[in-house]
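Since the structure comes first, as structure tokens, the remarks are kept for the end.
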2 protein chains.
Amino acid sequence: MAGTNRKLAKTKSEAVAAAGKTPAIILIEPQLGENIGMVARAMLNCGLSDLRLVRPRDGWPNKQAVGTASGADIVLENAKLFETTEAAIGDLKFVYAATARDRDITKEVVTPAQNAMEIRRLGGEGCGILFGSEAMGLNNDDIALTSKIVMVPLNPGFTSLNLSQAVLLLAYEWFKLADETPASELRMKDSRPADKAELLGLFEHLESELDSHGFLRIKEKRPVMVQNIRNVFQRADMTEQEVRTFRGIIKSLTKFPKKED
Amino acid sequence: MAGTNRKLAKTKSEAVAAAGKTPAIILIEPQLGENIGMVARAMLNCGLSDLRLVRPRDGWPNKQAVGTASGADIVLENAKLFETTEAAIGDLKFVYAATARDRDITKEVVTPAQNAMEIRRLGGEGCGILFGSEAMGLNNDDIALTSKIVMVPLNPGFTSLNLSQAVLLLAYEWFKLADETPASELRMKDSRPADKAELLGLFEHLESELDSHGFLRIKEKRPVMVQNIRNVFQRADMTEQEVRTFRGIIKSLTKFPKKED
């Protein structure tokens, strides 16, 4: 499963072609078209495209949804409409219920990260997540159609999460598991990291000027001061271009007369 | 750092009292009040409350923001207004720039999860994240005021993320690191897990009825069939109440005559 990110959806049409291997997002009685559009946007952000709508309050299609989808039209166009939850999930094998609060139900409750891991393990196909309406959430009859509950851990003082925000968090956890982006990376444009010879050239240039100007005149302090100054530049992970810029700076400050104006 | 979740914000006022230890969210020239409100909501969902606004397009306060904050008013009320990015971050020590696309800048780029880990390591205090306007993102002058870039890895075919969605993903990663919710947990109300004696009572009750009704009559197949049936019930992790219900079901199916109507 890991390692599919780079191959994932380079274009919107490819994103949709991936459908069938990705979990379905099923909205039960969604109220606001704006929210349906934002759900579509969040889904496509994370490579999901199988959107299913059960009895949307304001009918379907819905103009408001197009506005907030911000270009994720393909998800809206392929959205499937159903009269019942049972019909919407008939082809699925593993269905989770996304709920915001504790229910009077005995069921396994998982975090979004755990939910994502389980869906990845199942291969994505045949999996789905039910989301209830903005006002009411899921009813217990719908929850009884699902294997597990997925609940987003939030600030216990304020757990009201917008529908599209809930979809985003689950979809993002799913996306992340196949994403290969390094946790931390130095990106550089039109240059390369300076090598140590270039960096030493900068150090020696600066130190020789500091010697001439008397900044390093106290002999016993000189070694520590030099180390401290060098460490600042080391931490900056300079590029070859930046080393040249700083040598220009030293030259400018030492060789050219100050302009009076 | 870990283990502070249960102590985190039981009420909205406590959520705000936690400020100073949590990173600041700084919005540069946000355009829509609706988005500012949704940012406030996403922040409070994740226990953040230090919102700073630099030159919001439609002035401040903004009625639209109150509507979409859905109760996170406390974050809006305490939001601070600034004329310049420099003024907004003057008291901060570690500032990240949230950007959606690659920039022509040499800088370390981290994921939201890495960003969260670094901020936790720094203790939260004195940390902040800059977000640009909906249309333009951050400009390079603002990025030059920050230590690192944080970029959300997304479907390369569709990376347009709503402002509040971006804030939510970063805030959620931050929240998660101190959250103690178990990845998976069987929650049960008004009952307890059945013990094995109760479960065996159910098995033997069912098997004796199946024997009487001839369902297990093929002697060489009986052990495997019994194992299969028992395994289904084992996987269900039944409560004591559920075991009693199922014994009632067996009794009902075997002892009472079928009602004709």
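The values are calculated or read from the model by the stated rules, or taken from the named source; none is laboratory data. Keep in mind that this is a model prediction, so the values were computed, not measured. We place every Cβ from the backbone using ideal geometry, glycine too, and count neighbours over all the protein chains shown. Heavy atoms of the whole protein, side chains included, go into the accessibility calculation; ligands, DNA and RNA do not. Shrake-Rupley method; radii C 1.70, N 1.55, O 1.52, S 1.80 Å.
Do we find that A:Ala183 is in contact with a Ser or Thr (Cβ under 7 Å, 6 or more places away or on another chain), closer than 30 Å to B:Val110 by Cβ and in contact (Cβ under 8 Å) with a residue 60 or more places away in the chain in this structure?
Taking the combined requirement at face value, the residue does not satisfy it.
Consider the stretch A:25-56. How many of its residues are more than 19 Å from A:Asn139 (Cβ to Cβ) and of a type outside the set (A, V, I, L, M, F, W, C)?
8
Can you tell me which residue is surrounded by the most Cβ atoms within 10 Å (Cβ to Cβ) among those in the stretch A:219-247 that are among the acidic types (Asp, Glu) and touching a residue at least 40 places away in the same chain (Cβ under 8 Å)?
Among them, the one singled out is A:Glu242.
Select, from A:Asn62, A:Asn45, the only residue that is over 20 Å from A:Leu169 (Cβ atoms) and either at pLDDT 95 or above or open to solvent by 80 Å² or more (accessible area, probe 1.4 Å) (or both).
A:Asn62
Going through B:Ala98, B:Ala69, B:Ala79 one at a time, which residue ends up being within 28 Å of the chain's Cα centre (by Cα) and within 14 Å of chain A (Cβ to nearest Cβ)?
None of the other options fit; the residue is B:Ala69.
Have a look at B:Leu210, B:Leu216 and point out the one that is more than 30 Å from the chain's Cα centre (by Cα), outside any helix (DSSP H, G or I) and buried (at least 16 other Cβ atoms within 10 Å of the Cβ).
One residue alone meets the criteria, B:Leu216.
Report those strands (runs of 3 or more DSSP E) wholly inside the stretch B:68-156 carrying at least 2 residues which are open to solvent by less than 40 Å² (accessible area, probe 1.4 Å).
Here the list reads B:94-98, B:107-110, B:127-131, B:148-150.
Among (1) at pLDDT below 95; (2) over 28 Å from B:Lys189 (Cα atoms), where does B:Leu210 come up short?
Status for B:Leu210: all satisfied but (1).
Against the definition (more than 8 Å from chain A (Cβ to nearest Cβ) and of a type outside the set (Gly, Ala, Ser)), how does B:Glu118 come out, yes or no?
Criteria met by B:Glu118.
Does A:Leu200 satisfy the criteria of being assigned to a helix (DSSP H, G or I), under 24 Å from B:Val109 (Cα atoms) and modelled with pLDDT of 95 or more?
Criteria not met by A:Leu200.
What are the residues in the stretch A:199-218 that are hydrophobic (A, V, I, L, M, F, W, C) and without any contact (Cβ under 8 Å) to a residue 24 or more places away in the chain, if any?
Passing the criteria: A:Leu200, A:Leu210, A:Phe215, A:Leu216, A:Ile218.
Does A:Lys219 meet the test of being out of contact with any helix residue (DSSP H, G or I) (no Cβ under 8 Å at 6 or more places or on another chain) and not aromatic (Phe, Trp, Tyr)?
Working: out of contact with any helix residue (DSSP H, G or I) (no Cβ under 8 Å at 6 or more places or on another chain): yes; not aromatic (Phe, Trp, Tyr): yes.
Yes: the conditions hold for A:Lys219.
Using the structure shown, decide if A:Glu204 is open to solvent by 20 Å² or more (accessible area, probe 1.4 Å) and under 13 Å from the mean Cα position of the chain (by Cα).
On the way: open to solvent by 20 Å² or more (accessible area, probe 1.4 Å): yes; under 13 Å from the mean Cα position of the chain (by Cα): no.
Answer is no for this residue.
Whether any residue in the stretch B:13-22 is at pLDDT 95 or above and within 20 Å of the chain's Cα centre (by Cα) is what I want to check.
No, there is no match, as no residue in the stretch B:13-22 is at pLDDT 95 or above and within 20 Å of the chain's Cα centre (by Cα).
Can you tell me which residue within the stretch B:159-175, out of those that are facing another protein chain (nearest Cβ under 8 Å) and modelled with pLDDT of 95 or more, is surrounded by the fewest Cβ atoms within 10 Å (Cβ to Cβ)?
The residue in question is B:Phe175.
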